[in-house]
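Since the structure comes first, as structure tokens, the remarks are kept for the end.
Where a number appears in this text, it was derived from the coordinates with a stated rule and is not lab data. Not measured: the values here are computed from a predicted model. Here Cβ is always computed from backbone atoms with ideal geometry, including for glycine, and neighbour counts include all displayed protein chains.
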Amino acid sequence: MADPDRVREALRACMTAWATLEVRGDQARVVPVPDPDQMAAHLERLDPQWELGWVCESVQPPVVRARVVLLGVGREGLAGAHTLEDAKRAALADMARTYGLTSAGDGHWVAYDPEDGANTADLEADAPLPDLPTGTALPPEPPRDPQMDKARSHINDLLDQLRVAGKGVEATRILMSGYGETVEESRAIYKELQTILKG
């Protein structure tokens, strides 16, 4: 299971981009959001098999749902914004809230140019963001299957051995679609990885 504190710190470290939520004349309201490339680098350190998926809920107005799966736990964020690209980034920020990372209020109003976009040059995206108030509980995680957790743990141990043996790339290809949906599928994946280790 992902340690919420480590995930929160990883997400906080990549809150260096901006999303434009709305435009009014020559002004735009922007909020800090995770930079997708930095987020990928940070989350990969926590879980090399992490996943990110997008669903466009609405083209006009732009509304996007982001789903991140980290160490087998899925979290979602939903956001609307000025463009679909901005909505994607804002959805990542909304997902970060499920780990207790809150945004800086309603955002900032900045100058807006139709060709250049929002002028965020004077804003500091990496300014400290507040955590949820002490005692605020995180949303509940989905029920866990102890057998699947044990299977994932065995696969992770075997992955460590494969990396040490220089066979991590081959192993990663097998795990591209995850650890399996059932214990039987996880066992089959484990056997494939064992074959690579012995081969």
When the scattering of the stretch 3-69 is computed by the Debye formula from its Cα atoms alone, each counted once and equally, what is log10 I(q)/I(0) at q = 0.13, 0.19, 0.20, 0.23 Å⁻¹?
-> -0.47, -0.87, -0.92, -1.07
Label-point gap, in nm, between L123 and I196 - each point 7 angstrom along Cα→Cβ = 4.2 nm
Packing-based ranking, highest mean first, of 15-21, 88-94, 51-57, 36-42 given that Cβ atoms within 10 Å are counted = 88-94, 15-21, 36-42, 51-57
FRET efficiency, D160 to W109 (Cβ-Cβ, R0 30 Å, nearest 0.05) = 0.05
Name the residues whose placed amide hydrogens come within less than 5 Å of the amide hydrogen of A17, ignoring near sequence neighbours (fewer than 5 apart) on the same chain.
-> V33, D35
Kindly write out, for the stretch 78-89 in residue order, the coupling ³J(HN,Hα) from the Karplus curve 6.51 cos²θ - 1.76 cosθ + 1.60 (θ = phi - 60°), rounded to whole Hz, with x marking Gly and Pro.
-> 10, 8, x, 7, 5, 10, 4, 4, 5, 5, 4, 5
Full extension from E51 to E85: what is 0.36 nm times the residue separation minus their Cα-Cα distance, to one decimal in nm?
-> 10.4 nm
With each label point set 7 Å from Cα along the Cα-Cβ vector, what nm distance links D26 and V183?
-> 6.7 nm
Given 0.36 nm per residue, what is the gain on full extension from D37 to K150 after removing their alpha carbon distance, in nm?
-> 37.6 nm
